[in-house]
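Asker: One structure is given below, represented as structure tokens, and several questions about it will come after.
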Amino acid sequence: MSVYEDLSTFVQQGRVNNVKEIIAAELEKGTNAQTLLQEGLLVGMAVVGEKFKNNQVFVPEVLIAARAMQAGIDSLAAALAAEKVESKGKVVLGTVKGDLHDIGKNLVKIMLESKGLDVIDLGVDVSAEKFVDTAIKEGAQIIACSALLTTTMSVMQEVVDKANEKGIRDKVKIMVGGAPVTEEFKNKIGADYYSADASSASDIALQICQ
């Protein structure tokens, strides 16, 4: 197997130390950091994401793999900065105001990052104004809103309204998701995209940014 296949496998298995060891050795040899990221770490996480979408693995396995991927990214950070790698796009992510659930949001963040997208994670209990102001400040292409409570879904309408008010609807796409959210609800509030799971959300986001 190639070193990239090894990296991919170790990410899938959540083997943090093996990931770090390979990256350290390869950087010492002068291997391109971006190639290690794209052909090794992100390929491994993409496999996990596809398995998650198909119910072949579940949240614990995804989180274990994500930890290994993050360890690899941390190991590559200095080399990637030196190579001045451009991200594929930028996403503002958060759980809407009044809602403190974050497991789904965190999975979306993992999957977005596995596609090479920059994620500004605003956390939970995020107001419509903060979503929109951050998107403007960061020059993001996407605002991604999560809600698990039916009582907080209305905040997604506020995000759409605020984006219209601030004049950014032609520049920023609004994506919504979470257990009670549906395609019909997305259409009703005038958002751009709905996704039923984290892996699909990352696929959509990458398409938007390309």
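Asker: Need pairs with beta-carbon distance below 8 Å; first residue farther than 16 Å from ALA82 by Cα and within region 19-38, second open to solvent by 30 Å² or more (accessible area, probe 1.4 Å); sequence gap 6+ or separate chains.
Answerer: From residues that are farther than 16 Å from ALA82 by Cα, the pairs are VAL19/PHE10; VAL19/SER75; LYS20/SER75; ILE22/VAL3; ILE22/ASP6; ILE22/PHE10.
Asker: Looking at (1) touching a residue at least 12 places away in the same chain (Cβ under 8 Å); (2) within 28 Å of LYS171 (Cβ to Cβ), can you tell me which one ALA66 breaks?
Answerer: (2)
The values are calculated or read from the model by the stated rules, or taken from the named source; none is laboratory data. Just so we're clear, the structure is a prediction, and the values are computed from it rather than from any experiment. For neighbour counting, all protein chains shown are included, and Cβ atoms are generated from backbone atoms with ideal geometry for every residue, glycine included. Heads up: the accessible areas ignore ligands, DNA and RNA and are worked out on the full protein's heavy atoms, side chains in. Shrake-Rupley method; radii C 1.70, N 1.55, O 1.52, S 1.80 Å.
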